[in-house]
Ligand SMILES: C[S@@+](CC[C@H](N)C(=O)[O-])C[C@H]1O[C@@H](n2cnc3c(N)ncnc32)[C@H](O)[C@@H]1O
């Protein structure tokens, strides 16, 4: 199984260094649920390590072995145990039943079709205990953002560049990331918040909250949406 993230596993932490606003939010959700928590698309443990450091067991699933290697290293440095498993978020290798599944930092946009999204949501539902919660965030780009960034190299962090190519008809973003030690191109597919809500409801979830940001302000429009869904 190869993944576009393999080539940037070592670049991922410097690339996402300024993304910190969601860590406290997911930690709060984990504390509320207790453990174990399953994180789908655990990446390098940006969210999982702080949760585990709080004494909560985390099972982290990712399709990139190199991201999992970096994650294991980060966990060891922090002195915490993570239960890391290679696998796909549509069919995660998790038999446990847990009170909370999270999918932070837009990882669900790696699902490109409704069939993929439904498979992922069905897998989440299977892993959850009765009334367990699924918490995730996604984005839906606005026209301004697209116009501002389309087809332009932007330096996101010192020495790390991004090129976004937006297709508003297919609703896909083809994103290239380039740094001193690696480069990759990946595709992300977006939906409207209304479509996410319908998919959740069709897949047996009740939407408890849809926030517009990690400070829990209600969603009233904008690019980001943060969802709390309960297994119905
Ligand atoms: C944007 S990163 C998020 C990483 C981490 N959750 C964070 O918040 O920093 C997306 C992660 O999802 C993983 N991923 C992408 N597609 C996947 C799939 N089909 N199954 C499992 N993991 C996947 C990638 O390898 C990557 O580690």
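Throughout, read-outs are computed from the coordinates displayed, never taken from laboratory work. If you're wondering where the values come from, they're calculated on a predicted model, not measured in any experiment. Cβ placement follows ideal geometry from the backbone for every residue including glycine, while neighbour counts extend to all protein chains displayed.
List of remarks:
- For the chain, the 222 nm mean residue ellipticity estimated from helices alone, with every DSSP H stretch of n ≥ 4 adding -39500 (n - 2.57) and the total spread over all residues, rounds to -8000 deg cm²/dmol.
- Estimated translational D of the range 41-179 in µm²/s (Stokes, Kirkwood radius over Cα pairs; 4 °C; 1.567 mPa s): 77 µm²/s
- Extension gain, residue 186 back to residue 174 (0.36 nm per residue minus Cα-Cα distance, nm): 3.7 nm
- Pairwise label distance in nanometres, residue 215 with residue 97, each label 7 Å out on the Cα-Cβ vector: 3.9 nm
- Placing dummy labels 7 Å off each Cα toward the beta-carbon, the span from residue 31 to residue 116 is 3.5 nm.
- Placing pseudo-labels 7 Å out from each Cα toward the beta carbon at residue 85 and residue 72 gives an inter-label distance of 1.6 nm.
- Share antiparallel - DSSP beta bridges, the range 74-232, percent rounded to 5: 85 percent
- Per-residue packing, averaged as other Cβ atoms within 10 Å, sorts the ranges 219-231, 10-22 into the order 219-231, 10-22, beginning with the highest.
- Radius, Kirkwood style, for the chain when every pair of distinct Cα atoms is counted (Å): 17.9 Å
- For the range 172-201 and the range 100-143, distance of Cα centres in Å: 13 Å
- Distance distribution P(r), the range 82-150, all Cα-Cα pairs, bin width 10 angstrom from 0: 18, 45, 23, 11, 2 percent.
- Each pair of Cα atoms in the range 143-186 enters the Kirkwood radius, and Stokes-Einstein at 25 °C and 0.890 mPa s then converts it into a translational diffusion coefficient of 225 µm²/s.
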